[in-house]
Amino acid sequence: MELNFDEIFKIPVCCLKSNLSYPTVKRDTKWFLQFILMYSIIFFVFSYLAYCIIFYDLKNNDFTQACRNGILCVVFTVVTFKYFVMLWYQKILMRLIEKMKLDFEFAKNLSYEEQCLVLEYAKRGRWVSKLWFLTAGGVGLIFPVKAFILMGYYVIIGESRLIQMYNLTYPPLIEGIKDNYIGFTIIFLIVMFYVFISVIMYIGFAPMGPIFMLHACGQLEILKKRMQNLFANNGDDLGETRTKLKNIVKHLQEIYHFVDDIKESFEVLYEIILKTTVFVIPIAFYEVIHSFQQGRFSLEFCTFIIGGITFCYVPCYYGDLLMEKGESLRQAVYMSGWERYWDRSTRSTLVLMLSRAAKPLAIQTVFRIVCLDTFTELCHQSYAIFNVLNAVWD
């Protein structure tokens, strides 16, 4: 497989280009008008969802419907912050993408073993993008597919009915026309557009953080191999050892800068994602259980649970992997066999590398480190909130 960024990660790249948020998309008047039109539609749907929660669901003590509408409002909030990140940090994100492209190009001149390492982590990044395509795509498809299946079922049994993709309470004027073909089509298309924009943003943006983390892991793995062979292969050739060590240090500094850019770009977004998912998962669980008790099965919100867990677990898992690779490199530096060589300059360089590597190479949010411990804490908090919901509303 050729090391081409746009080809390997074509799923997220195409999605981000289609919703006008990719860093290379030209920001001109045409882009602005298209963006305003697109965002106005999804903001209108979000506003009406919030209106339904306040003026219909809570007034009627319909907590289940309020939960359903609230989850879709949270989706809009996360999508909005993703747009913000893509626009506000577009230069940094472009720098990350260009760095990966440059490393892919440089990898063509590396040894076969190192090329395989770069390719391995690129494939793992592609797997993450496919995972999000299936997860987010499945969540989005379940709404229209369920509506079409129900309409087909009613046609088969001789009762022609129009089934909306998502049920909402409308003002009397709209309630009177929502069941005719024109009104039904307009409402269906507006809600479908809301779902489509949300889905392609999740498919496009959610894998980017893990893709960058995996690339950093691959580069750290290459440096680990070089450190393990640094003194073993060079014998007493002090000049060659110094040159190779200098190249390793230079490459390591580039990786640190790369990880710093990831931290800066995703710091606030990951904090928001972790905070919102703490509430989305227990609310979705409550909705599924409550609907089951009423004799119906809320399949669409089962997919929200799967999507929410995946959304948090994937960056936490690869954030943990990045920390592990950073620690592995630190150990490789210490175990490289430096004690057999008495060159003062080389030893001083290694001491500096060990001092820098003592600080965990981690992706941080505003308040926490993105790792599996954080995901475990999130699960505990979600479970506690779920118990509170059960105690209060049951």
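Values in this text are rule-based calculations from the coordinates and carry no lab data. What you are looking at is a predicted structure, and each value in this text was computed from that prediction instead of being measured. No Cβ is skipped: glycine too gets one built from the backbone with ideal geometry, and neighbour counts run over all protein chains shown.
Values as computed for the structure displayed
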| read-out | value |
| --- | --- |
| Net charge over other residues, Cβ less than 11 angstrom from the Cβ of LEU49 (K, R count +1; D, E count -1) | 0 |
| Euclidean distance of C-alpha centroids, the stretch 271-342 and the stretch 31-96, integer Å | 23 Å |
| Label-point separation, LEU299 to LYS250 (7 Å along Cα→Cβ), nm | 5.8 nm |
| Which of ASN4, ALA206, THR365, positive extreme of dipole for the chain (C-beta unit charges) | ASN4 |
| Value of [θ]222 nm, deg cm²/dmol, for the chain, DSSP H segments ≥ 4, -39500 (n - 2.57) each, nearest 500 | -27500 deg cm²/dmol |
| Environment charge of ILE186, counting only residues whose C-beta is closer than 15 Å and scoring Lys/Arg +1, Asp/Glu -1 | -1 |
| Sites LEU238 and LEU134, calculated FRET efficiency, Cβ-Cβ separation with R0 41 Å, nearest 0.05 | 0.15 |
| Cα-based convex hull volume of the stretch 5-393 per residue, rounded to whole Å³ | 161 Å³ |
| Dipole magnitude of the stretch 5-393 about its Cα centre (Cβ charges: Lys, Arg +1; Asp, Glu -1), debye to nearest 20 | 620 debye |
| Among 169-182, 312-325, the order from most to least packed when residues are scored by Cβ within 10 Å on average | 312-325, 169-182 |
| Cβ-based exposure ranking for LEU96, LEU189, in which fewest neighbours within 10 Å come first | LEU189, LEU96 |
| Ranked TYR202, TYR154, criterion: other C-beta atoms within 10 Å, fewest first | TYR154, TYR202 |
| Listed pairs LYS130/LYS325; LYS82/LYS250; LYS99/LYS123; LYS91/LYS130 exceeding 22 Å between Cα atoms | LYS130/LYS325; LYS82/LYS250; LYS91/LYS130 |
